[in-house]
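Novice: Got a structure for you, written out below as structure tokens; questions coming shortly.
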Amino acid sequence: MWRSCLRLRDAGRRLLNQPRGALTASVGPGPNPLSPARAYAPPTERKRFYQNVSITQGEGGFEINLDHRKLKTPQAKLFTVPSEALAIAVATEWDSQQDTIKFYTMHLTTLCNTSLDNPTQRNKDQLIQAAVKFLDTDTICYRVDEPATLVELQRNEWDPIIEWAEERYGVEIGSSTSIMGPSIPARTREVLTSHLASYNMWALQGIEFVVTQLKSMVLTLGLIDRRLTVEQAVLLSRLEEEYQIQKWGNIEWAHDYELRELRARTAAGTLFVHLCSESATVKHKLLQQ
């Protein structure tokens, strides 16, 4: 427990010391080789330089226009998305910026940039394997053996999700108190790999992004299948931290800030997956001035 409190304290210090922003936007940033999950380092805030945002349909998909300029990716590619629904969502991010463009709030734009530029040059199989690999260290599969109150909390909150996933996909996942974690059967990996292969590259970028946020493949599956809400999935991913906070208290504003950021990233990633994997017809729409 004491180690957990120290981790929370250190996390709070990191939040206080780091520059604002955890993700990227489509103007100016370059590749960040240190973190595959975050393809670009965020730029600082920038004064809003456009008045109107609109979308148009081009040969390669739907484009975002800032006044009369077409949006580009960090690698100077034309910013083109595969569905009108996703284009509207991205355009809304840009239109909702006030006097200052806060790139770190534009998670859908970031995910589109990553999908278009693919800065880590990964193919579909590599994306799938990166997501499935989280089963080895899945948050809800690792259990404590004391104190009894936390043991019971993990059992009551996490077991139903694991049981749902096992029944939903016809696999065995389980849990363990061993430092080595549970032994995931090869068939489980094969079934989930096959399931993820049914998604396109854009959706897989979103799935891996959500898995990375929650540090859980099982919770991500629950989100994508609408078994869990974003709030539920985030709370379950932070179950031990929340338990320790209830016992020891939080660290000033750091806890609330981190929680809001995690919810925002997880919600954006989940929405991105659905907008990239579902066929949706949207009536032609331009954002109003």
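No value in this document is a laboratory result; all are computed from the given coordinates. Quantities reported herein were computed from a predicted structural model and do not represent experimental measurements. Backbone-built Cβ (ideal geometry, glycine too); neighbour counts: all protein chains shown.
Novice: Order these peptides, 204-212, 82-90, 66-74, 101-109, by their mean beta-carbon neighbour count within 10 angstrom, highest first.
Specialist: Final packing ranking: 204-212, 101-109, 82-90, 66-74.
Novice: Extending each Cα 7 Å along its Cβ direction at VAL151 and GLN75, get the distance between those two points in nm, one decimal.
Specialist: Here the modelled spin labels are 5.1 nm apart.
Novice: For the range 224-277 and the range 107-177, what is the separation of their C-alpha centers, rounded to whole Å?
Specialist: Answer, in whole Å: 14.
Novice: Continuing with the same structure: Taking N as the number of residues in the range 53-117, what is its Cα Rg relative to 2.2 N^0.38 Å?
Specialist: Dividing the Cα radius of gyration by 2.2 N^0.38 Å gives 1.01.
Novice: Pull up all non-local amide H partners of ILE101: gap of 5 or more, or a different chain, and H-to-H distance under 5 Å with H placed in the peptide plane.
Specialist: Those qualifying (amide H under 5 Å, at least 5 residues apart or on another chain) are ARG46, LYS47, ARG48.
Novice: One-quarter of the Cα convex hull surface for the range 143-217, in nm²?
Specialist: 5.7
Novice: List every residue whose amide H lies under 5 Å from the amide H of LEU228, counting only residues 5 or more places away in sequence or on a different chain, with H placed 1.01 Å from N in the peptide plane.
Specialist: So LEU228 has HN proximity to LEU223.
Novice: Can you pull the semi-axes for the range 124-277, root of five times each eigenvalue of the Cα gyration tensor, sorted largest first, whole Å?
Specialist: 25, 20, 12
Novice: Farthest toward the dipole's positive end in the range 60-166, which of GLN154, CYS141, GLN75, given Cβ charges of +1 (Lys, Arg) and -1 (Asp, Glu) about the Cα centre?
Specialist: GLN75
Novice: Same structure again: Please work out the FRET efficiency for the pair GLN126 and ARG263, using the Cβ-Cβ distance as r and a Förster radius of 41 Å; give the result to the nearest 0.05.
Specialist: Efficiency for this residue pair is about 0.90.
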